[in-house]
Structures are given as structure tokens and as C-alpha cells.
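S.K.: Attaching a single structure in C-alpha cells format; questions to follow.
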Amino acid sequence: MGVSISDLKYLIEKPEIFGFKLETVRKDTEFKTAIGDIKRNGIKIENYWIKCNKDVGECEVVDDNNNLIIVNFLKKTITKYTTSNL
């Protein structure tokens, strides 16, 4: 994928430096199942839980606020799903 797991935090915080596009999507529902899976099977680095799949060129990340972040290395996009409290 070209980026180490430890560099994902920097990539998420400054995507433009790596040439990635950031998109934020607000959802009214939480992704509890996906978030739980990432926290169970992922690696914790600082305030992020990270789970990557090299076969599809994608990493799933959960931050301390339980926001789900999908980093797609093939499309060079970062999609951040945040829950809205309506």
C-alpha cells in the first residue's frame, strides 16, 4: 500500500499532503458492528484502531469518538463517517 500503519494517523489528519481526497458523511445511525470488529481485530496506534485489507487496498479506522474512517489507497480517498445526534 505504500504507507506504514504508523503513518495512517498522519494521513488521516493531513490527507492533502499525500494527494488524498477527504469526504465526510453524516449518518444518523452508528456502525456498531463494524466499529466493534475493528476494535477487536485491529491494531491500536495512539487514539486510532486500525484494520487493513491489502487485497482490496483499504484500511478501516476508528477514532476515539467512534467515527468510522475508510482509507482507500486505490482511489486515494478517505471517507469519514460521523454520527449526527438529531
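S.K.: Of (1) open to solvent by less than 90 Å² (accessible area, probe 1.4 Å); (2) of a type outside the set (Asp, Glu); (3) modelled with pLDDT under 90; (4) more than 12 Å from the chain's Cα centre (by Cα), THR33 satisfies all except one. Which?
M.R.: THR33 satisfies all of (1) open to solvent by less than 90 Å² (accessible area, probe 1.4 Å); (2) of a type outside the set (Asp, Glu); (3) modelled with pLDDT under 90; (4) more than 12 Å from the chain's Cα centre (by Cα) except (1).
S.K.: Are any of the residues in the stretch 70-84 touching a Phe, Trp or Tyr at 6+ places or on another chain (Cβ under 9 Å) and modelled with pLDDT under 90?
M.R.: yes
S.K.: Please name all residue pairs, on different chains or six or more residues apart, with Cβ atoms under 8 Å, provided the first residue is in the stretch 15-41 and is under 16 Å from CYS59 (Cα atoms) and the second residue is in a loop (DSSP other than H, G, I, E, B) and among the aliphatic types (A, V, I, L, M).
M.R.: Note: pairs meeting the criteria are PHE18/VAL3.
S.K.: Search the stretch 67-86 for residues being open to solvent by 60 Å² or more (accessible area, probe 1.4 Å) and in contact with an Asp or Glu (Cβ under 8 Å, 6 or more places away or on another chain), and hand back the single one that is farthest from LYS21 (Cα to Cα).
M.R.: Among residues in the stretch 67-86 that are open to solvent by 60 Å² or more (accessible area, probe 1.4 Å) and in contact with an Asp or Glu (Cβ under 8 Å, 6 or more places away or on another chain), the one farthest from LYS21 (Cα to Cα) is LEU86.
S.K.: Then there is this: Among the residues of the stretch 2-11, is any charged (D, E, K, R), open to solvent by 40 Å² or more (accessible area, probe 1.4 Å) and assigned to a loop (DSSP other than H, G, I, E, B)?
M.R.: Among the residues of the stretch 2-11, not one is charged (D, E, K, R), open to solvent by 40 Å² or more (accessible area, probe 1.4 Å) and assigned to a loop (DSSP other than H, G, I, E, B), which makes the answer no.
S.K.: Working only within the stretch 33-57, note down all residues that are within 17 Å of THR79 (Cα to Cα) and not in a strand (DSSP E or B).
M.R.: ALA34, ILE35, ILE38, VAL56, GLY57, listed by residue number.
S.K.: Still on this structure, please answer the following. May I ask you to list the residues in the stretch 54-86 that are within 16 Å of SER4 (Cβ to Cβ) and not β-branched (Val, Ile, Thr)?
M.R.: Passing the criteria: LYS54, GLY57, GLU58, CYS59, PHE73.
S.K.: Please work out if TYR48 is among the aromatic types (Phe, Trp, Tyr) and open to solvent by 30 Å² or more (accessible area, probe 1.4 Å).
M.R.: The answer is no for TYR48.
S.K.: So ILE78 passes all but one of these: (1) touching a Leu at 6+ places or on another chain (Cβ under 9 Å); (2) among the β-branched types (Val, Ile, Thr); (3) part of a loop (DSSP other than H, G, I, E, B). Which condition number does it fail?
M.R.: The one condition ILE78 does not meet is (3).
The values are calculated or read from the model by the stated rules, or taken from the named source; none is laboratory data. These figures come from a predicted structure and were not determined experimentally. Ideal geometry is used to build each Cβ from the backbone, glycine not excepted, and the neighbour counts take in all protein chains shown. The accessibility values were calculated without ligands, DNA or RNA, using every heavy atom of the protein model including side chains. Shrake-Rupley method; radii C 1.70, N 1.55, O 1.52, S 1.80 Å.
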